[in-house]
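The values are calculated or read from the model by the stated rules, or taken from the named source; none is laboratory data. A quick note: this is a predicted structure, and the numbers were derived from the prediction, not measured. Virtual Cβ from ideal backbone geometry, glycine too; neighbours counted across all protein chains shown. These area figures cover heavy atoms from the full protein model, side chains too; ligands, DNA and RNA do not enter into them. Shrake-Rupley method; radii C 1.70, N 1.55, O 1.52, S 1.80 Å.
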Amino acid sequence: MNTVRRVGILTSGGDCPGLNAAIRGVAKAASGRFGMEIVGIANGYRGLIEGEARTLSQDDFSNILTLGGTILGSSREKPFKRPDENALSDAEEAMDKPERILENVERLGLDALA
């Protein structure tokens, strides 16, 4: 049986009310109830592509309900969108983003993403 021990949390898309409450709820339940280690991914999928992450402690997700935005940051990165074949290709467009995401999930030792 596979057991989730280490979970990554990211907030993607635009900023909206309630993201910190969602982060807190998932993190408190995962760590408190199930003993999971929580990894915060900075700036949504862009952070997952670039490997920007850190382990979160209980202090990181306590007292964040009244804060605006998201403690993790967000981006409107669309990692699964195909590049426009007619546009000039730059380094970012040429990069295989889903492959980079998979590499970083494995490097970070994540069992799940939330």
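Relative to the longest principal axis of the Cα atoms of the chain, the long axis of helix 19-28 lies at roughly 60 degrees. Full extension of the chain between V26 and S57 gives 9.9 nm of extra length, using 0.36 nm per residue less the Cα-Cα distance. Less than 5 angstrom separates the built amide H of L56 from those of I38, V39, G40, all sequence-distant by 5 or more or on a different chain. For region 58-64, the Karplus equation 6.51 cos²θ - 1.76 cosθ + 1.60, evaluated at θ = phi - 60°, returns couplings of 3, 5, 5, 10, 9, 6, 10 Hz by residue, with Gly and Pro reported as x. You can think of it this way: the chain between K81 and E50 has 9.5 nm of extra reach, that is 0.36 nm per residue less the Cα-Cα gap.
Within the chain, DSSP assigns beta bridges of which about 40% are antiparallel (rounded to the nearest 5). For L56, the accessible area of its heavy atoms, probed at 1.4 Å with every protein chain present, is near 20 square angstrom. Let me check I've understood the local charge: for S75, count other residues with C-beta under 11 angstrom from its C-beta, Lys and Arg +1, Asp and Glu -1. What total comes out? Cβ neighbours under 11 Å give a net charge of -1. Here K78 sits with roughly 120 square angstrom of accessible surface, probe radius 1.4 Å.
Here L113 and I64 are evaluated by their C-beta separation; at R0 = 25 Å the FRET efficiency comes out at 0.80. The heavy atoms of F80 offer some 140 square angstrom of accessible surface to a 1.4 angstrom probe. Using the empirical formula 2.2 N^0.38 Å as the baseline, the Cα radius of gyration of the chain reaches a ratio of 1.15. Using only Cα atoms and rounding to the nearest 10 degrees, what angle (0 to 90) does helix 97-108 make with the longest principal axis of the chain? For 97-108 against the chain, the angle is about 30 degrees.
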